[in-house]
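Reviewing the structure listed below.
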Amino acid sequence: MKKIIGSLIAVVILAVFAHFTASFHPSAQQLPKPSQEKIKGIPEVIVLGKEAKQGQVTFNHVKHNGGEYNIDGPIFCIQCHHTAQPASELSKVPPHKTVWPAGRTTTLTAELFAADPAKAGVAACRDCHAREGSKPKLMDAMPSIQDQETKEVIKITNQRAFHATCDVCHFQIRFRAPGSKAPDATTCNTCHKATAKND
């Protein structure tokens, strides 16, 4: 249990570092708030963690990307879809290394997706971060990082990737705006909702 908690803490610390590092360098994605017309191409709501023991998570994609939910402005596509940018930009946000598709020259934006969703090059989270024990769709092996302290190699499964990305952002919002309606990163059922079981 201590290893799992230590691993999750290491992933969260790396994600916080990556988030703050990304916010301090200019990004090709720092564009004005996308118009509602162009956002229509983005799936409005997606369901994550359909098989999670705690229940599934309903994620409002448009409200996150459209600027309604934010820390210091719109949440850019590449803050979650980190593979969707040129390698030269991705290298500024360690520990991320993989660009998809390989040799990518564009940075994913709502406008790029609206212009041609098929050519935008968007990988779903689980295409790279599969469930524990599964092989990712787009990669030969699960992404991993090495714990700086223990040197243990930690596989970044979909559960770890979601928790690191979502929790860090929600924690920052609640820290900066006490009383915010942002989900509480320390309470599972603020995001996970149990689904009704069929008898």
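Data for the structure
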item: Number of positions in segment 148-159 that are in contact (Cβ under 8 Å) with a residue 24 or more places away in the chain and either in contact with a strand residue (DSSP E or B) (Cβ under 8 Å, 6 or more places away or on another chain) or closer than 23 Å to Lys50 by Cβ (or both); result: 6
item: Residues (in a helix (DSSP H, G or I) and among the acidic types (Asp, Glu)) located in segment 165-184; result: Asp167
item: Residues within segment 47-69 that are part of a loop (DSSP other than H, G, I, E, B), farther than 15 Å from Phe162 by Cα and either touching a residue at least 40 places away in the same chain (Cβ under 8 Å) or of a type in the set (Gly, Ala, Ser) (or both), tallied; result: 3
item: Members of segment 87-102 that are part of a loop (DSSP other than H, G, I, E, B) and farther than 20 Å from Ala124 by Cβ; result: Ser91, Lys92, Pro94, Pro95
item: Yes/no for Thr109 being β-branched (Val, Ile, Thr), over 24 Å from Gly41 (Cβ atoms) and touching a residue at least 40 places away in the same chain (Cβ under 8 Å); result: no
item: Per-region count, segment 122-147, residues part of a loop (DSSP other than H, G, I, E, B), touching a strand residue (DSSP E or B) at 6+ places or on another chain (Cβ under 8 Å) and more than 20 Å from Pro86 (Cα to Cα); result: 3
item: Failed criterion for Thr105 (all others in (1) in a strand (DSSP E or B); (2) more than 24 Å from Ala182 (Cβ to Cβ); (3) among the β-branched types (Val, Ile, Thr) hold); result: (1)
item: Failed item in (1) touching a Ser or Thr at 6+ places or on another chain (Cβ under 7 Å); (2) closer than 22 Å to Trp100 by Cα; (3) of a type outside the set (Ser, Thr, Tyr), with Ile173 passing the rest; result: (2)
item: Selection status of Lys40, charged (D, E, K, R), modelled with pLDDT under 85 and farther than 15 Å from Val122 by Cβ; result: yes
item: Within segment 87-96, considering residues that are in contact (Cβ under 8 Å) with a residue 24 or more places away in the chain and of a type outside the set (Asp, Glu), the one nearest to Ile46 (Cα to Cα); result: His96
item: Among residues of segment 125-137, those that are surrounded by 13 or more Cβ atoms within 10 Å (Cβ to Cβ) and free of Cβ contacts under 8 Å to residues at least 40 places away in the same chain, counted; result: 5
item: Where Val45 falls short, out of the listed (1) modelled with pLDDT under 90; (2) within 25 Å of Arg126 (Cβ to Cβ); (3) exposed (fewer than 15 other Cβ atoms within 10 Å of the Cβ); result: (1)
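The values are calculated or read from the model by the stated rules, or taken from the named source; none is laboratory data. The structure presented is a predicted model; accordingly, all values stated were derived computationally and were not measured. In this analysis, Cβ positions are derived from the backbone assuming ideal geometry, glycine residues included, and neighbour counts consider all displayed protein chains.
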